[in-house]
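Chemist: Can you keep this structure in mind? I'll have questions shortly.
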Protein chains: 4
Amino acid sequence: MKAEFQTRRQFASDNNSGICPEAFAALAEANRGHAPGYGNDPWTAKASDMIRDVFETKCEVFFVFNGTAANSLALASLCQSYHSILCHEHAHVETAECGAPEFYSNGSKVLLLSGKDGKIESKAIEGAVMKRTDVHYPKPRALSITQATEMGTIYSLDELHKVIDTGKRFGLRVHMDGARFANAVASLGVSPKEITWQAGVDVLCFGGTKNGMAVGEAVVFFDTELAKEFDYRCKQAGQLASKMRFLSASWVGMLQNDAWLRHARHANSMAKRLETALAGIPKLKISFPCETNGVFVRMPQAVIKGLYEKGWKFYTHVSPDDARLMCSWDTTEEDVDAFVADAKSLAEKL
Amino acid sequence: MKAEFQTRRQFASDNNSGICPEAFAALAEANRGHAPGYGNDPWTAKASDMIRDVFETKCEVFFVFNGTAANSLALASLCQSYHSILCHEHAHVETAECGAPEFYSNGSKVLLLSGKDGKIESKAIEGAVMKRTDVHYPKPRALSITQATEMGTIYSLDELHKVIDTGKRFGLRVHMDGARFANAVASLGVSPKEITWQAGVDVLCFGGTKNGMAVGEAVVFFDTELAKEFDYRCKQAGQLASKMRFLSASWVGMLQNDAWLRHARHANSMAKRLETALAGIPKLKISFPCETNGVFVRMPQAVIKGLYEKGWKFYTHVSPDDARLMCSWDTTEEDVDAFVADAKSLAEKL
Amino acid sequence: MKAEFQTRRQFASDNNSGICPEAFAALAEANRGHAPGYGNDPWTAKASDMIRDVFETKCEVFFVFNGTAANSLALASLCQSYHSILCHEHAHVETAECGAPEFYSNGSKVLLLSGKDGKIESKAIEGAVMKRTDVHYPKPRALSITQATEMGTIYSLDELHKVIDTGKRFGLRVHMDGARFANAVASLGVSPKEITWQAGVDVLCFGGTKNGMAVGEAVVFFDTELAKEFDYRCKQAGQLASKMRFLSASWVGMLQNDAWLRHARHANSMAKRLETALAGIPKLKISFPCETNGVFVRMPQAVIKGLYEKGWKFYTHVSPDDARLMCSWDTTEEDVDAFVADAKSLAEKL
Amino acid sequence: MKAEFQTRRQFASDNNSGICPEAFAALAEANRGHAPGYGNDPWTAKASDMIRDVFETKCEVFFVFNGTAANSLALASLCQSYHSILCHEHAHVETAECGAPEFYSNGSKVLLLSGKDGKIESKAIEGAVMKRTDVHYPKPRALSITQATEMGTIYSLDELHKVIDTGKRFGLRVHMDGARFANAVASLGVSPKEITWQAGVDVLCFGGTKNGMAVGEAVVFFDTELAKEFDYRCKQAGQLASKMRFLSASWVGMLQNDAWLRHARHANSMAKRLETALAGIPKLKISFPCETNGVFVRMPQAVIKGLYEKGWKFYTHVSPDDARLMCSWDTTEEDVDAFVADAKSLAEKL
């Protein structure tokens, strides 16, 4: 099987990359002797403390297996089945989780908001909440914000405050899907607390996998009252790892010496390099401002096909003409430049 | 943190042990370059093929994060919400999964059967099915068998046939909870197919974690019709790993050169050594025949407390006087002998 | 309390009217002596047979308490939790059931189709199904058609065939929300079988309440294989009446001598009278063709407020300027004419 | 169909009887003109006020279609999916609702307590709660008490206090299944408040159907905080009647002039008459003290079969030798005496 894995890095998804060295070393380090199961081990305690340090507050931390579960468990803890969840129409919880939020919450309806660049606008929240107040319409209860968004854009601190304040004004609890939270923090250059609890986020799904881990996301409750019995919820949903240390150890490895931010910054800068170069190619058009680790570029079909033929892997998103190019902790300048060269050569032939 | 991990091996649980060398090496090996997510990678294909080889049939294979999820997803695929699941009153799905089967199936009731040594008896199945046939009683639809059982015992080939034949006679679909399937195969000395599809098992949850992996169980459908759309079910339940190769690679490592069986045989033999020695100590009494990697021994409270004070870790099970001592791939003769020596010394002081 | 009930008939909803004489007489008739519970009574058998006669086929019939339950139970029997249900964006199952389909099905996502006059168009079905085929998108499994629609329009026989044929081509099972099925049949002048099983409908929720009963809808499975164990599903969902005869007897009363069609025809003709008269008033504008028992008319706010002040009761729908005026089995020409006179007088004052 | 309904009254179930005159008259009375749907009508307001008068407190009242739904909705409002519900092993929610509590609550496990005469004992509650406190065991959250019990027995005021106090001590919320609450009140001769909120009951499912109505139970929240958003829960579950007045009007009819208690007293006294007479027949043996409207009597199979052959209808319960004879608002002394005569004659022939 080796041959198949020795291909160059690709732009298909940041989850196509492997385990970064810091996370892998921590796995190896944690693999000594016996440790109690289900999170009662020193690595899990340490990782939780480190996350509290990162956010500079006494939040409650839970490690689960993947992002779909993290989001759905968090939303289920905010909602009853007859509530509704407001999110952007392109949010991952709506478009890429096969109804997981509805399943975990036993039927909470996901109500869709539109907004430019993948970002929710306050008036859309107001519209959805004020639309109706009768029992035939599931009562809005949670606002789900994706930071960074599925379009690779980010809410500025000001945008975030506006959106969350609107949600809070209507009694909504606030969930942040942070599958690429590291990229957002790295890009904004803020402290993590500023764009989470200080802005009014109640629970954050802090992504580890796309940042360089094998498996495992952290659900971080800033409103610790909401975290009550969340351990039972995880257990019942098959999201409590018996050998938990192998999830939490990676977090220790990643948080030490700010590896998580370093990797995110690297991925972001690779994306910027890619965007800058592609923007200069005639017939290609950048669709969304490149603010984190993804580049969305509109390409003629001939270019897309040509790139596929040359062995490049990436997905189109939103429309068949919109290529989504994701950079990762292990993307290199050579990868970027090789891709750009191929794209340029194909575009020039048109 | 190192100090805490450099303690000797314990008998608390086979999930307190770490990752065995074969699984770890495979993880390292898989950590090269990029690979497609969600199971579309060569390691997952290879692991699935290897499992098909192990069972000598064209079964369908899915990798999920843990045993609770594996069991619950499998049972949910056998049942509608108004069906019931028959299992032993000490089955893991009943006693240790916090209602996960009910949650995943949206309400399927778990009906309890009693039986000696943790094993279901045919007449108990018949009793539960024949008890009532009206719509006020959830219709029995699935029979869940644990092999090896929670008491460390195993169904002989003959016992298995009897129990499954009874279930089939009443139209039940058959699930096998094989969290310790490896230990059962190693102990019985049969080929895996004999105690699964040839005996009538429709779906097996084949345990990897307790056998020496970090995370990941295989759900193996022998009735491939039942596997239809199971990938959607996994995805919706937050059980589809994005970096799937890190689950499946361990399986490749474990199945190569029969490491899975070698580890199971080792754990079984350590348990046998432990049982034999403990049986010779006055005032201790073996509760169940030691057939796999667990020893259940009734001890005076003073012995239990004394062992705890000496730093030994283990749980009591069923009653506070029944110590459950689990051996693992990394249990050594020295661990066993040291434990026995302490137990003996304590018992003799009474 | 009498005074409050002696107000004139209103146009708020066809469920604001009482029990029609035929249904009430049947209730009284059924109220003799003892009868077995849970549907094992002669009235239920008789009502089921009469429904089979109406549809001229061997369908399976179940009586449940209301329309929300009927629709949700039917859809849950067509779908697994990871499936999706396609319906018009203004369908009752989407807009007026507080997430009941998602709750009953344990998370099936409702995907919205747009289309003129409240009717689904084939290309919208194709769009939703072809959009994606990966496991991250809940697999389309059911097509829900409302006949008559929430806008009071109806699918012609030809339109119905086109829409259903498209659904079937993509493997969708077909549910018909027939809360106002009687009005549709009366308006189209077809035999019930033509717009149900002969057109490909798998399960119909045949509305009784809006037609003149106190409580109770019939779920009619034309694909009888799908009806398997539906009785268990009803029971578990709290939808199996113990004194079932009081639901089914009304059906006997309504189906005898075609009272159901007579009442529907009457309500339809009252709506037609209302539409014709309102269409002649300047500044009012009919929004949708009046094909059954509802009139949708765009009115200046001053007219709407004026009518409310005069004591008329009705709702606005879709927008605050769109009055929805529902006629019922007991609407009289005098009611209609009095309303029209008030509307005219208010409009002329503008 | 008339012939089939002109059979004599039977002892099969109190839900086999029809609508009592007071409830029927109220239905007829409510069937005038139009009324707003979904409970916004004067009958529903009136019935709710009357129930508040009955309990002499400001409770919150909701009307739903049947007892299964009432119990399940109430329990779901007390529990999250990972909680457990404690009830007697013969409770209706366990034995006769096809997993409805698990379905409505999305997986709350029902834990069974044993106890004499169908009544829970405090030590059983303590046992279930204290058994385990880890996340692998669903956290006990609700205690469900049936008053009168499925065996026709009743908790005395003292017994009730003991059981509820124990539950409260462990933080359990208290649900009372009062399908035959009227019979319990009538038998105990207490005021309704004494055996409900004054004893610590948080929510009561107050049965109407078995007391003489066509359909409809009242869910009465004494802890009004728990009633928050219960209207949404009912709506989503298909338990919000559009023509609600036809449920609530019956309650008005029944509560006026204490018809509900008069009927319950009558049914109780018929059961007492039956018990007294049967107790005097050799070879028959009363199984449980007759405290409400059911008589449980152990009979030789020949007697049971003989009674069936003579056309009597009743069920056996718990065992095939235990006849359950239910009296109802319409049971007459002649019915009782005729049954007794037949039983006596059959028993004497043995």
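Chemist: Once amide H atoms are placed 1.01 Å from N in the peptide plane, what residues at a sequence separation of 5 or more from A:SER287, or on another chain, have their amide H within under 5 Å of its amide H?
Modeler: Those lying under 5 Å, H to H, from A:SER287 are A:PHE296, A:VAL297, A:ARG298.
Chemist: Too long at a 22 Å Cα-Cα cut-off: which of A:LYS228/D:LYS139; B:LYS210/B:LYS344; B:LYS305/B:LYS349; B:LYS235/D:LYS109?
Modeler: B:LYS210/B:LYS344; B:LYS235/D:LYS109
Chemist: Compute log10 of I(q)/I(0) for region D:21-258 with the Debye formula, placing one identical point scatterer on every Cα and leaving out solvent, at q = 0.08, 0.09, 0.14 Å⁻¹, to two decimals.
Modeler: Those come out to -0.28, -0.35, -0.84, one per q.
Chemist: Among the residues of chain D, which one places its Cβ closest to the rotation axis that maps chain D onto chain A, and what is that distance in whole Å?
Modeler: Rotation axis D onto A, closest Cβ, rounded to whole Å: D:ASN106, 2.
Chemist: Here is a follow-up. Once you have the alpha carbon radius of gyration of region A:300-350, what is it after dividing by 2.2 N^0.38 Å, with N set to its residue count?
Modeler: The value comes to 1.13.
Chemist: A further question follows. Which residue fluctuates most in the GNM of chain B (Cα springs below 10 Å): B:GLN239, B:GLN147, B:GLN301?
Modeler: B:GLN301
Chemist: Mean-square fluctuation check for chain C, GNM, Cα pairs under 10 Å: which of C:THR95, C:THR196, C:THR209 is largest?
Modeler: In this elastic network of chain C, the residue with the biggest mean-square fluctuation among C:THR95, C:THR196, C:THR209 is C:THR95.
Chemist: Still on this structure, please answer the following. Spin-label point model (7 Å from Cα, Cβ direction): what's the C:GLU229 to C:LYS116 distance in nm?
Modeler: The two pseudo-label positions are separated by 4.4 nm.
Chemist: Suppose you put the label 7 Å out from Cα in the Cβ direction; list, shortest first and in nm with one decimal, how far A:LYS285 is from each other copy's label.
Modeler: 3.4, 8.4, 9.0
Chemist: A further question follows. Using the alpha carbon gyration tensor of the protein assembly as shown, what are the three equivalent-ellipsoid semi-axes (square root of 5 times each eigenvalue), largest first, in whole Å?
Modeler: Semi-axes, largest first: 53, 45, 27 Å.
Chemist: Sticking with this structure for a sec: Can you run phi through the Karplus equation (6.51, -1.76, 1.60; θ = phi - 60°) for region A:173-187 and list ³J(HN,Hα) in whole Hz, with x for Gly and Pro?
Modeler: Working through the residues one at a time gives 8, 10, 10, 10, 7, x, 3, 10, 4, 4, 5, 5, 4, 4, 6 Hz.
Chemist: At 1.4 Å probe size, with the rest of the protein present, what percent of the exposed accessible area of region D:21-258 is carbon and sulfur atoms?
Modeler: 47 percent
Chemist: I would also like to ask the following. At C:ALA45, with labels set 7 Å past Cα in the Cβ direction, how many nm apart are the copies from this one, shortest first?
Modeler: The projected label point of C:ALA45 is separated from its counterparts by 4.6, 6.1, 7.1 nm.
Chemist: If you take the accessible area of C alone, add that of D alone, and subtract the area of the pair, what total do you get in Å², probe 1.4 Å, to the nearest 100?
Modeler: Buried area between the two chains comes out at roughly 5300 Å².
Chemist: Using +1 at the Cβ of each Lys and Arg and -1 at the Cβ of each Asp and Glu in chain C, identify which of C:LEU350, C:GLY216, C:PHE170 lies farthest towards the dipole's positive end.
Modeler: After comparing all options, I get C:LEU350.
Chemist: State in Å² the accessible area per residue of chain C; use a 1.4 Å probe, count heavy atoms of protein chains only, and round to the nearest integer.
Modeler: 33 Å²
Chemist: Now a separate question. I need the calculated FRET efficiency for the pair C:SER345 and C:SER319, taking r as the beta carbon distance and R₀ as 30 Å, to the nearest 0.05.
Modeler: 0.80
Chemist: Let me ask another. I need the GluC sites (Glu not before Pro) found in region D:39-96, filtered to DSSP loop residues with at most 16 other beta carbons within 10 Å of theirs.
Modeler: In loop regions of region D:39-96 (DSSP not H, G, I, E or B), the sparsely surrounded GluC sites (Glu not before Pro) are D:GLU56, D:GLU89.
Chemist: Using the Cα centre of region C:21-258 as origin and beta-carbon charges of +1 (Lys, Arg) and -1 (Asp, Glu), tell me which of C:ILE145, C:SER84, C:THR95 is placed farthest towards the positive end of the dipole.
Modeler: Comparing the listed Cα positions along the dipole, C:SER84 ranks first.
Chemist: Something else about it: Just from the alpha-carbon atoms, what are the Rg and Dmax of region C:125-197 in angstroms?
Modeler: Taking only Cα atoms of region C:125-197, I get Rg and Dmax of 13.7, 44 Å.
Chemist: Taking the label point 7 Å from Cα in the Cβ direction, how far apart in nm is C:LYS58 from each other copy of itself, listed shortest first?
Modeler: Copy-to-copy label distances at C:LYS58, shortest first: 3.5, 6.1, 7.0 nm.
Chemist: Run through region D:30-105 and list the trypsin sites (Lys or Arg not before Pro) located in a DSSP loop whose Cβ has at most 14 other Cβ atoms within 10 Å.
Modeler: Taking region D:30-105 and a limit of 14 other Cβ atoms within 10 Å, the loop trypsin sites (Lys or Arg not before Pro) found are D:LYS58.
Chemist: Calculate the dipole size of region D:252-350 relative to its Cα centre from +1 charges on Lys and Arg beta carbons and -1 charges on Asp and Glu beta carbons; express the result in debye to the nearest 20.
Modeler: In total the dipole reaches around 260 debye.
Chemist: What ³J(HN,Hα) values, in whole Hz, does the Karplus curve 6.51 cos²θ - 1.76 cosθ + 1.60 give for region C:336-344 when θ = phi - 60°, with x put for Gly and Pro?
Modeler: 4, 5, 5, 5, 4, 4, 5, 4, 5
Chemist: Treat every Asp and Glu Cβ in the protein assembly as shown as -1 and every Lys and Arg Cβ as +1, leave all other atoms uncharged, and give the resulting dipole magnitude about the Cα centre to the nearest 20 debye.
Modeler: 0 debye
Chemist: Would you mind telling me the share, in percent, of accessible area of region C:296-350 contributed by carbon and sulfur at probe 1.4 angstrom?
Modeler: With neighbouring chains kept in place, the figure for region C:296-350 is 53 percent.
Chemist: Out of all DSSP beta bridges with both ends in region C:21-258, state the antiparallel percent to the nearest 5.
Modeler: 30 percent
Chemist: With +1 on the Cβ of every Lys and Arg and -1 on the Cβ of every Asp and Glu, and nothing else charged, how large is the dipole of chain C about its Cα centre, in debye rounded to the nearest 20?
Modeler: Charge dipole, chain C, about its Cα centre: 380 debye, nearest 20.
Chemist: Looking only at B:ASP322, B:ASP177, B:ASP53, which one moves most when chain B is put into a Gaussian network model with springs between Cα atoms under 10 Å?
Modeler: B:ASP53
Chemist: Assuming R0 = 25 Å, what is the FRET efficiency of B:ALA25 and B:ARG52, from their Cβ-Cβ distance, to the nearest 0.05?
Modeler: 0.65
Chemist: Express as a percent, rounded to the nearest 5, the fraction of DSSP beta bridges in the protein assembly as shown (both residues included) that run antiparallel.
Modeler: If we restrict to bridges inside the protein assembly as shown, about 50 percent are antiparallel.
Chemist: Describe numerically, in nm with one decimal, the distance between label points set 7 Å from Cα along Cα→Cβ at D:LYS123 and at A:ALA338.
Modeler: 7.6 nm
Chemist: From other protein chains only, count the Cβ atoms within 10 Å of every residue's Cβ in A:15-23, then give the mean.
Modeler: For this peptide, the per-residue mean of nearby foreign Cβ atoms is 5.
The values are calculated or read from the model by the stated rules, or taken from the named source; none is laboratory data. If you're wondering where the values come from, they're calculated on a predicted model, not measured in any experiment. All Cβ positions, even for glycine, are placed from backbone atoms using ideal geometry, and neighbour counts span all protein chains on display. Accessible surface is based on the protein model in full, side chains and every heavy atom, while ligands, DNA and RNA are left aside. Shrake-Rupley method; radii C 1.70, N 1.55, O 1.52, S 1.80 Å.
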